[in-house]
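Below: one structure, written as structure tokens.
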Amino acid sequence: MEKMILIKYGELTTKKANRNFFIKTLTTNIQNVLKNYDVKIKKDRVRMFIEANDDILLEVENKLKKVFGLHGITICYKVNTNIEEIKNLSLDIINKEAGKTFKVITKRADKNFSIPSMEFNNVIGGHILKNTNLKVDVHNPDINLYIEIRDNGTYIYTNEIRGIGGYPVGIQGKGMLMLSGGIDSPVAGYLALKRGVMIEGLYFESPPHTSLEAKNKVIKLANILDEYAGGIKLHVVPFNKLQEEIFKKVPHDYMITIMRRMMYRIAERYAKKRNCKILINGESIGQVASQTLSSMSVINNVVNMPVIRPVACLDKLEIIDIAEKIGTYETSILPFEDCCTVFVPKHPVINPDLNKCIEYESNFDFEPLIKECIDNIEVITNLKQDDYEEYL
């Protein structure tokens, strides 16, 4: 008998031609997550098995909960495909579970095994009934006993943990996430990761108008997202000169619109330098003045790169639910303002006119300022919590 972790791929199994590429990417991502653990990884087209010492299996299982592309994770036991061995192990496993009712669920992947799945359910179920006080309940059992009869042996388990699903990070290429210190953009980054998009973060800071605490808050958010991705880089844009020029030369009701247009210009040009295919942001339709459909259209006008808005059609409570689940919410609500909130006018325009935007932008030479922003971007990699926690 061997004890190991069994992984189900879920959505990956629907991808025929690309399945091998997806599984190879998933394997690489898991190896990266588990690089500090002594494990052996074996895989086929529908399952992956991770072998490790008993004392670290639970810890490894917890690490896997944040890996995209996994549908199910469970600690299982492997025995030879021998009826008596399967009966004995099934009884031993189910005796360790709490409950009064059970159900046996057999998957016979090895068709050389002569007993059909439904019939084998009865064989194992009968053995359990004879040797325990448990009752069968096929609709709502306290214990589900899973038996997978495969070509290389039989795997038995009870408690399956649902994985976070999605695609392995990286299979869709890379996107540039416009990351702020708010609630929405980290959630947008998480949802992009879930669809297989590797992300890099782009944060606009404006010292002395924004604080070191605000910057470190965003660094912490990037590190939380990195737990789901591995290897996220955060790029910090010095936006203060350009923002101050906007404040001086643009009517205040149009200031946020012009500021966002400048941010988009910077984000697109820098994203191309970083070989990103898309921009990603946390805009939610109608949530603030710059996120009305009219504003989005005018702001989006300055870029040709696709802009993905994963939370566009979610309301605030739905976004908060995800933020709490992924662990970013408590950091996002820390009271440190970023450059998007410092210069907010009392009455920002909600239906901006494109021609007016072009007119106001002609009041100053913004191209050298954009270049200066890009040329002086600070790149932060692998910044650990000990380096910034003193600021939070």
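Details
- Residues whose amide H lies under 5 Å from that of PHE102, counting only those 5 or more places away or on a different chain, are LYS135, VAL136, ASP137, ASP142, ILE143; hydrogens are built 1.01 Å from N in the peptide plane.
- Spatial separation of Cα centroids for the stretch 266-312 and the stretch 165-199, in angstrom: 14
- With θ taken as phi - 60° and the Karplus curve 6.51 cos²θ - 1.76 cosθ + 1.60 applied, the whole-hertz 3J(HN,Hα) list for the stretch 42-51 is 10, 8, 9, 6, 10, 9, 10, 10, 10, 9 Hz, x standing for glycine and proline.
- Proxy reagent accessibility, fewest Cβ within 10 Å first, across SER185, SER362, SER117: SER362, SER117, SER185
- Set of aspartates and glutamates with alpha-carbon distance to LYS215 below 18 Å, sequence-local pairs under 8 removed: ASP184, GLU200, GLU205, ASP226, GLU330, GLU337, ASP338, GLU378, ASP386, ASP387, GLU389, GLU390
- The alpha carbon gyration tensor of the stretch 44-108 gives principal lengths a ≥ b ≥ c with a/c of 1.5 or higher and a/b greater than b/c, which makes the shape prolate.
- Relative contact order, percent, the stretch 174-391 [alpha-carbon distance under 8 Å, six or more residues apart]: 34
- Ordering of 188-194, 375-381, 232-238, 320-326 by burial proxy (mean other Cβ atoms within 10 Å per residue, highest first): 188-194, 232-238, 320-326, 375-381
- Estimated [θ] at 222 nm from DSSP helical runs (n ≥ 4, -39500 (n - 2.57)) normalised by residues in the chain, nearest 500: -12000 deg cm²/dmol
- One Cα centroid belongs to the stretch 222-259, the other to the stretch 1-77; the line between them spans 37 Å.
- For the stretch 174-391, DSSP calls about 20 percent of its internal beta bridges antiparallel.
- Here ASP137 and ARG195 are evaluated by their C-beta separation; at R0 = 45 Å the FRET efficiency comes out at 0.75.
- Expressed to the nearest 5 percent, the antiparallel share of DSSP beta bridges inside the stretch 2-162 is 75 percent.
- This model, with +1 at the C-beta of Lys and Arg and -1 at the C-beta of Asp and Glu, gives the stretch 2-162 a dipole about its Cα centre of some 720 debye.
- In this Cβ point-charge picture (+1 for Lys and Arg, -1 for Asp and Glu), the chain has a dipole of about 1540 debye about its Cα centre.
- Karplus-derived HN-Hα couplings along the stretch 95-110 (A = 6.51, B = -1.76, C = 1.60, θ = phi - 60°), whole Hz, x at Gly and Pro: 5, 8, 9, 8, x, 10, 10, 8, 8, 9, 10, 9, 10, 9, 6, 8
- In the chain, the DSSP beta bridges split such that about 55 percent are antiparallel, to the nearest 5.
- In terms of other Cβ atoms within 10 Å, CYS313, CYS373, CYS357 run from fewest to most in the order CYS313, CYS357, CYS373.
- Cβ-based net charge around GLU367, under 15 Å, with every Lys or Arg adding one and every Asp or Glu removing one: 0
- Under the combined filter of DSSP loop state and at most 16 neighbouring Cβ atoms within 10 Å, the stretch 1-67 retains these chymotrypsin sites (Phe, Trp or Tyr not before Pro): TYR37.
Quick note: the coordinates plus some simple rules give every number you see, no bench work behind them. Here the structure is a predicted model, which is why all the values come from computation and not from measurement. Reconstructed Cβ throughout: ideal geometry from the backbone, glycine too, with neighbour counts over all protein chains shown.
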